[in-house]
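Undergrad: Structure incoming, see below.
The values are calculated or read from the model by the stated rules, or taken from the named source; none is laboratory data. In this text the structure is predicted, and so the values were computed from the model without any measurement. As a convention, Cβ positions derive from the backbone with ideal geometry for all residues, glycine included, and neighbour counts pool all protein chains shown. These area figures cover heavy atoms from the full protein model, side chains too; ligands, DNA and RNA do not enter into them. Shrake-Rupley method; radii C 1.70, N 1.55, O 1.52, S 1.80 Å.
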Amino acid sequence: MSSIARYALLIIVTGLMAGCSLLAPDPPSDQSNICEIFREQPEWYDYARASEARWGTPIATQMAFVYRESSFRSHVRPPRPWLLGIIPWFRDSSAYGYAQAQDPVWGEYEADAGGLFARRTHMKHATDFIGWYNRRTHERLGIALSNPEHLYLAYHQGPTGYERGSYRSKPGVQRAARQVERRAWRYDAQLKECESEFRCRHFWQFWPFCSE
């Protein structure tokens, strides 16, 4: 491929990525209340509920993970360091998207459950990934799906790191896990007050099929 063709291809790919970013929804204006989040993006409720039905992680825990990882920003990445202050350098992590999934584990998810067209920048696939990861954590480490703190510790450190107890020497990670737990409980209490708004909002949904 000539240098001109490579340059043209780079422009096309960059344009497509920019277009996808522009089409992504803005982060919710009130991220402290899961009811307000779902009122702005009601389809996110559908995605999280489908993930809960498939893998078992509660909706509130999934959304607490997303808040912690990306603050509901679809295309966020770790900051890029600059060599000598002028040369953009390689990022320290390949984490990307709502769930900040890294390339290796995202590849495992695609092969095992997500499929080739899964995207880290789509909430449907991000919530499904979180559910899939936590189910794997539960099966390997025995952490209950009702334990957001330790699910997040394993999510952040990986199963091997969790087994080794690597988080015990990382107070920042422990603090983040406790924050995830508190937010999950708060989101869960809020959702109990408003979930009926989202369960039967489509014209094809009717009692009793969407009441539970």
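Undergrad: Is it the case, given these coordinates, that S74 is in a loop (DSSP other than H, G, I, E, B), of a type in the set (G, A, S), modelled with pLDDT of 95 or more and touching a Ser or Thr at 6+ places or on another chain (Cβ under 7 Å)? Working first, answer last.
TA: Values: in a loop (DSSP other than H, G, I, E, B): yes; of a type in the set (G, A, S): yes; modelled with pLDDT of 95 or more: yes; touching a Ser or Thr at 6+ places or on another chain (Cβ under 7 Å): yes.
Spelling it out, S74 is indeed in a loop (DSSP other than H, G, I, E, B), of a type in the set (G, A, S), modelled with pLDDT of 95 or more and touching a Ser or Thr at 6+ places or on another chain (Cβ under 7 Å).
Undergrad: Report yes if A111 is open to solvent by 50 Å² or more (accessible area, probe 1.4 Å) and more than 19 Å from the chain's Cα centre (by Cα), otherwise no.
TA: Values: open to solvent by 50 Å² or more (accessible area, probe 1.4 Å): yes; more than 19 Å from the chain's Cα centre (by Cα): no.
Spelling it out, it is not the case that A111 is open to solvent by 50 Å² or more (accessible area, probe 1.4 Å) and more than 19 Å from the chain's Cα centre (by Cα).
Undergrad: If you don't mind, another one. Tally time: how many residues in segment 51-68 are touching a residue at least 60 places away in the same chain (Cβ under 8 Å) and either part of a loop (DSSP other than H, G, I, E, B) or open to solvent by 60 Å² or more (accessible area, probe 1.4 Å) (or both)? Explain how you work it out, then say what you get.
TA: Residues of segment 51-68 touching a residue at least 60 places away in the same chain (Cβ under 8 Å): 51-52, 54-68.
Now drop any that are not either part of a loop (DSSP other than H, G, I, E, B) or open to solvent by 60 Å² or more (accessible area, probe 1.4 Å) (or both), which leaves 52, 54, 56-58, 67-68.
Result for segment 51-68: 7.
Undergrad: Next question, about the same structure. Does any residue in segment 122-148 that is in contact (Cβ under 8 Å) with a residue 40 or more places away in the chain and surrounded by fewer than 17 Cβ atoms within 10 Å (Cβ to Cβ) come within less than 8 Å, Cβ to Cβ, of a residue that is not charged (D, E, K, R) and not in a helix (DSSP H, G or I) six or more places away or on a different chain, and which pairs are these?
TA: Sorted first by the residue in segment 122-148, then by its partner, the pairs are S146/P58.
Undergrad: If you don't mind, there's one more thing I want to ask. Test of understanding: among E139, E193, which residue is farther than 18 Å from R54 by Cα and among the acidic types (D, E)?
TA: Numbers: E139 fails: farther than 18 Å from R54 by Cα.
Testing whether each residue is farther than 18 Å from R54 by Cα and among the acidic types (D, E) leaves just E193.
Undergrad: While we're on this one: Give me the pairs: first residue in segment 174-197 and of a type in the set (G, A, S), second residue surrounded by fewer than 18 Cβ atoms within 10 Å (Cβ to Cβ) and not in a helix (DSSP H, G or I), beta-carbon distance under 7 Å, and six or more apart or on different chains, which are they?
TA: As it stands, the answer is none, since no pair meets every condition given.
Undergrad: Would you check if there is a residue in segment 84-96 being more than 26 Å from R199 (Cβ to Cβ), among the hydroxyl-bearing types (S, T, Y), outside any helix (DSSP H, G or I) and at pLDDT 95 or above? Give the steps one after another, and end with the answer.
TA: Of segment 84-96, the ones more than 26 Å from R199 (Cβ to Cβ) are 84-96.
From the residues that got through so far, the ones that are among the hydroxyl-bearing types (S, T, Y) too are 93-94, 96.
Okay, now just the ones that are also outside any helix (DSSP H, G or I), so 93-94, 96.
Now drop any that are not at pLDDT 95 or above, which leaves 96.
Yes, that holds for at least one residue.
Undergrad: Let me ask something else. Let me confirm something: among E181, E163, E212, E193, which residue is modelled with pLDDT under 95 and either part of a helix (DSSP H, G or I) or loosely packed, with under 13 Cβ neighbours inside 10 Å (or both)?
TA: Working: E181 fails: modelled with pLDDT under 95; E163 fails: modelled with pLDDT under 95; E193 fails: modelled with pLDDT under 95.
That would be E212, the only listed residue that is modelled with pLDDT under 95 and either part of a helix (DSSP H, G or I) or loosely packed, with under 13 Cβ neighbours inside 10 Å (or both).
Undergrad: Can you tell me which residue is least open to solvent (accessible area, probe 1.4 Å) among those in segment 196-209 that are at pLDDT 75 or above and either in contact with a Pro (Cβ under 8 Å, 6 or more places away or on another chain) or charged (D, E, K, R) (or both)? Before you say what the answer is, go through the steps one by one.
TA: Of all residues in segment 196-209, those at pLDDT 75 or above come to 196-200.
From the residues that got through so far, the ones that are either in contact with a Pro (Cβ under 8 Å, 6 or more places away or on another chain) or charged (D, E, K, R) (or both) too are 197-199.
Values: E197: 83, F198: 9, R199: 53 Å².
For segment 196-209, the residue satisfying everything is F198.
Undergrad: For the structure I just gave you, tell me whether G172 is at positive phi and at pLDDT 95 or above. Give the derivation first.
TA: Working: at positive phi: no; at pLDDT 95 or above: yes.
So G172 fails the test.
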